[in-house]
DNA sequence: CTTGCGGTTTAGACTCATTCTAACTCTTTA
DNA sequence: TAAAGAGTTAGAATGAGTCTAAACCGCAAG
Ligand SMILES: [Mn+2]
Ligand SMILES: [Mn+2]
Ligand SMILES: [Zn+2]
Ligand SMILES: [Zn+2]
């Protein structure tokens, strides 16, 4: 079930959008709510299907547009694994992604600052990096659960 | 200019292929030679165009097939950055990739074992990973050069 | 030799995630 | 009320990658 955004989240969305010169629209609210409701790194199609339950007239093109807007505003990250469909993640903390080879599920892995630092330190002089993507592929046993909001 | 494989490299190719139950063919030799000749992480199309210079009848499908075979035999790695075309890398040492935002060039970054270890250590219990991909996005100034063979 | 077999190569058709286009809607401003 | 501009929409277009079926080739059996 997709609940609509609470005060706090709507404010965050509002602020990030206007900072990027964009407006808050009903479609954007729904798409953002979908991302927050279930943090399982859905594909565009998954977002589309979930969002349609609450806003049946919503189009796939709009879902693409909304997600692109969110990425542009820094509200959401794209997650790519090999050539699979792009997935979307509203977790703004620095983190890596772990994909379970069997289930296909994607899990967030917290990234301690000291690891970030050691990573940055391997760059030879002259290399300056803004973005570092880390992704694990393997098997994650059991104790899946806990969808925080 | 694409030179053909030397003794040593042909042996490596031969061995890796037969270990994977595959044969050494003229097409595979040419495609592999292209990868070794210029280690700039070419796309399939780039490999195709370079290989055609020395073997004009070669087909794009075969380039896809050869590269897939090499990946299967562990001779070559695929490199993906966001949704761009897949690139191919014959560097078998553990390394990360750095993509220059301006030029699009992809550079290898050596990965010291201690960094690999610190990365593996951030996985919570129950998570077991065989493959770790690390990619940097940013700007690399100058001192590009040195295409080792 | 000649034939048959299995793996490889080839051209071209196809797929499907993503991007593009152009019409439509909504809100704001004159 | 009209014009402007941002956002939304359906559907067409794109293009990297995959699939298919026919041709090819090296080799071993008859
Ligand atoms: Mn799992
Ligand atoms: Mn460079
Ligand atoms: Zn995430
Ligand atoms: Zn590489």
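Only one entry of A:76, A:71 meets the criterion of being surrounded by 12 or more Cβ atoms within 10 Å (Cβ to Cβ), without any contact (Cβ under 8 Å) to a residue 24 or more places away in the chain, over 21 Å from residue B:115 (Cβ atoms) and touching a strand residue (DSSP E or B) at 6+ places or on another chain (Cβ under 7 Å), and that entry is A:71.
Report yes if some residue within the range B:13-36 is free of Cβ contacts under 8 Å to residues at least 60 places away in the same chain and within 14 Å of chain A (Cβ to nearest Cβ); otherwise report no. No, because not a single residue in the range B:13-36 is free of Cβ contacts under 8 Å to residues at least 60 places away in the same chain and within 14 Å of chain A (Cβ to nearest Cβ).
Among the residues of the range B:37-63, write down those that are farther than 22 Å from residue B:86 by Cα and in contact (Cβ under 8 Å) with a residue 40 or more places away in the chain. Result: B:54, single match. Scanning the range B:92-118 for residues that are in contact (Cβ under 8 Å) with a residue 40 or more places away in the chain and surrounded by fewer than 17 Cβ atoms within 10 Å (Cβ to Cβ) returns B:105, B:108.
Per this entry, residue A:99 is not counted among residues that are part of a loop (DSSP other than H, G, I, E, B), within 16 Å of the chain's Cα centre (by Cα), more than 16 Å from ligand 4 (Cβ to nearest atom) and at negative phi.
This table checks each residue for (1) more than 8 Å from every other protein chain (Cβ to nearest Cβ); (2) under 17 Å from residue A:46 (Cα atoms).
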site: A:80; (1), (2): no, yes
site: A:84; (1), (2): yes, yes
site: A:87; (1), (2): yes, yes
site: A:92; (1), (2): yes, no
site: A:100; (1), (2): yes, no
site: A:104; (1), (2): yes, yes
site: A:110; (1), (2): no, no
site: A:116; (1), (2): yes, no
site: A:119; (1), (2): no, no
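Restricting the range A:121-148 to residues that are more than 7 Å from chain B (Cβ to nearest Cβ) and modelled with pLDDT under 95 leaves a set whose member that is nearest to DNA strand C (Cβ to nearest atom) is A:147.
Please specify each residue of the range A:59-68 satisfying the condition of being in contact with a helix residue (DSSP H, G or I) (Cβ under 9 Å, 6 or more places away or on another chain) and either at pLDDT below 95 or surrounded by fewer than 21 Cβ atoms within 10 Å (Cβ to Cβ) (or both).
Start the filter on the range A:59-68 by keeping residues that are in contact with a helix residue (DSSP H, G or I) (Cβ under 9 Å, 6 or more places away or on another chain), which leaves A:59-60, A:62-67.
Within the range A:59-68, A:59, A:60, A:62, A:64, A:65 qualify.
The values are calculated or read from the model by the stated rules, or taken from the named source; none is laboratory data. All figures in this text were calculated on a predicted structure; none of them were measured in a lab. Virtual Cβ from ideal backbone geometry, glycine too; neighbours counted across all protein chains shown.
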